[in-house]
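> Dropping the structure in here first, questions after.
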Amino acid sequence: MHSFAWTAADAASRWRLLRISMLLQGFPRNPEPAVRAPDLWRTRVGGGSFGVLFLEAAEVPEALPMQGLSASLVLIAVLAVLAPVATRLLDRWVKVPIVVFEIVLGILFGPSVLGWVQSTPFTDTLADFGLAMLFFVAGNEIDFAAIRGRPIYRASAGWVISLAAGIGAGFVLGPSPEAAVIIGVALCSTALGALLPILRDAGASKSPIGVAATALGAAGEFGPLIAISLFFSGKQLGVASGVLLGFVLLTGVALYLASQARHTLFHAQVTATLHTSSQFAMRSILLILSSLVVLSMVLGLDMLLGAFAAGVLWKVTIARAPVADRKVIETKIDAVAFGFLVPIFFIDTGIDFDLGALTSSPLTLAMVPLFLSLLLLIRGVPSLLATPPGSSRADKQALLLFGATALPIIVAVTTIGREHGYITSGISSALIGAGMLSVLLFPLLALRLLRRTEAADPKQRTPKA
């Protein structure tokens, strides 16, 4: 009788080899597993003319892994549909940002709880595109004309204070200087990409408090991106600063040239293909986004810096296009970003969330409310510098809460820290958990404060910036 033994990385590999054995005549149908080997599946056939046969991973049919990938894609799509439904069902009682549902559903159906959906290299790549698209939208939606002057100057000053205080807190909580920087950068961030849709959906994006919150978000996302690029570029600080300065200069030159040109032929091509399969505008966006993302990565900078700059560059390039065309393009950008890529990023964040590490010890779990409080103290309080003159107490409290809302930068910087071994999975999960709670609670409370002020005195409006 032939002997048949193999090693496999997982149960799926076992099924692959079993199916092969059923196809090959004379092979037993009930083989017994031998020693595991992660990268090589060994099929040893004794006797006969077969001798010894080694089947490498590439030679084994990929039916079951593709089935797993397909199942993950379908389940992620299902979760992406369930999130807005859940948001709408709860809307009459409480307004919960959709990103919270996306992350929570990812945790619930991911390995931490039910284990029905797993991250794959393909879904991780889509999630990276979603994160880049989120920062592209943030750069594209910033109204620099509205936040220039006092709002952005004061918001930037508040961010510098937050960075210093965050790194100080990081030295107390972190095991190393690198961990201190990671914690500090995470605590000084503001989730502009999450705030803008919330403010826009609430009709508050053009209000003075909304403008101030946008300035806080611009400083709270662009500043951490610079800090990430400087501290984690793998270069000396002087070299990293020179590279960053070079990137800023190149981007600045591109922005200047784009702002000075009339783009007549470009806009004509955009208009001509706006409702055709050519989609020149969207293809141009892909070109600008990929070019600046790749340039930032080649220079050793964080890719999100390139994505943010791409959004700003596109805004300048399309600024003189017809208003109707710009509205159509913005709708298409929203469809690609918030209808496809961004939900995958947040759901994948929930899938990768290490709930076991968070609940492994009471001390780690207690870090979630600690980090949430530090967001209020370290990021929220300095945000008050951007408060418009004459603001009411409720306006100030709302702005403090808006400034302390953070998540995407936290996810990005903790991922870097965890992959390099600077912070533990417990600290990473606690920071992400605090960021999730900030996105869930702070904008909700801030909008409630603003509505309460208007309900008390309908004639009272938030003061001009």
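The values are calculated or read from the model by the stated rules, or taken from the named source; none is laboratory data. Keep in mind the model is a prediction, meaning the values are calculated, not measured. All Cβ positions, even for glycine, are placed from backbone atoms using ideal geometry, and neighbour counts span all protein chains on display. In case anyone asks, the SASA skips ligands and DNA or RNA and just uses the protein heavy atoms, side chains included. Shrake-Rupley method; radii C 1.70, N 1.55, O 1.52, S 1.80 Å.
> Using the heavy atoms of the protein chains and a 1.4 angstrom probe, tell me the accessible area per residue for segment 166-288 in square angstrom. Don't skip to the end; give the middle numbers.
Numbers: 5310 Å² over 123 residues.
Counting only protein heavy atoms, the per-residue value for segment 166-288 is 43 Å².
> Run the accessible area of segment 149-251 with a 1.4 Å probe and give the carbon-and-sulfur part as a rounded percent.
Values: 2700 of 3810 Å².
Solvent-exposed carbon and sulfur of segment 149-251 make up 71 percent of the total.
> Using a probe of 1.4 angstrom, how much of the accessible area of segment 303-455 is carbon and sulfur, in percent?
Its accessible area is 66 percent carbon and sulfur atoms.
> Largest first, what is the accessible-area ranking of F247, F222, F109 with a 1.4 Å probe? Please report the intermediate quantities before stating the final value.
On the way: F247 5, F222 75, F109 35 Å².
Descending accessible area places them as F222, F109, F247.
> Could you compute the FRET efficiency for L255 and L73, with r as their C-beta to C-beta distance and R0 at 30 Å, rounded to 0.05?
On the way: r = 37 Å, r/R0 = 1.24.
Rounded to the nearest 0.05, the efficiency is 0.20.
> With a cut-off of at most 16 other beta carbons within 10 Å, and DSSP calling the residue loop, which trypsin sites (Lys or Arg not before Pro) in segment 71-135 qualify? Please list them.
R92, K95
> Set Lys and Arg Cβ to +1 and Asp and Glu Cβ to -1, take the dipole of segment 170-324 about its Cα centre, and tell me which of L301, T264, V312 lies farthest positive.
Farthest towards the positive pole: T264.
> For segment 306-434, with every protein chain kept in place, what is the accessible area per residue (1.4 Å probe, Å²)?
Accessible surface, normalised per residue, equals 36 Å².
> Taking Rh as the Kirkwood radius computed over C-alpha pairs, what is the Stokes-Einstein D of segment 77-137 at 37 °C in a medium of viscosity 0.692 mPa s, expressed in µm² per second?
256 µm²/s
> In percent, how large is the relative contact order of segment 122-187, given Cα pairs closer than 8 Å and 6 or more residues apart?
Reported as a whole number, the value is 22 percent.
> What are the extents of the Cα atoms of segment 314-445 along their three principal axes, in Å, largest first?
In descending order, the Cα extents are 57, 41, 24 Å.
> Mind scanning K95/K315; K327/K396; K332/K396; K95/K206 and naming the pairs with a C-alpha gap bigger than 27 Å?
Checking Cα-Cα distances, K95/K315; K327/K396; K332/K396 exceed 27 Å.
> Here's a follow-up. Kindly provide the trypsin sites (Lys or Arg not before Pro) of segment 149-243 that DSSP labels as loop, not H, G, I, E or B, and whose Cβ sees at most 14 other Cβ atoms within 10 Å.
Sites meeting the loop and neighbour criteria: K206.
> Hey, any idea what the orientation-averaged projected area of the convex hull of segment 221-350's Cα atoms comes to, in nm²?
Dividing the Cα hull surface by four gives the mean projection, 8.9 nm².
> Does segment 173-265 come out rounded, prolate or oblate by the C-alpha gyration tensor, with a ≥ b ≥ c the root eigenvalues, rounded set by a/c under 1.5 and, if not, prolate when a/b is larger than b/c and oblate if not?
Since a/c reaches 1.5 but b/c is at least a/b, the shape of segment 173-265 is classed as oblate.
> Need one value: the accessible area of K327 in square angstrom, 1.4 angstrom probe, rounded to the nearest 10.
Near enough 130 Å² of accessible area.
> Next question, about the same structure. I'd like to compare 317-326, 442-451: which one has the highest average count of other Cβ atoms within 10 Å, and what's the full order after that?
442-451, 317-326
> Modelling each spin label as a point 7 Å along the Cα-to-Cβ direction, I'd like the S176/T276 distance in nm, to one decimal.
Here the answer is 5.6 nm between the modelled labels.
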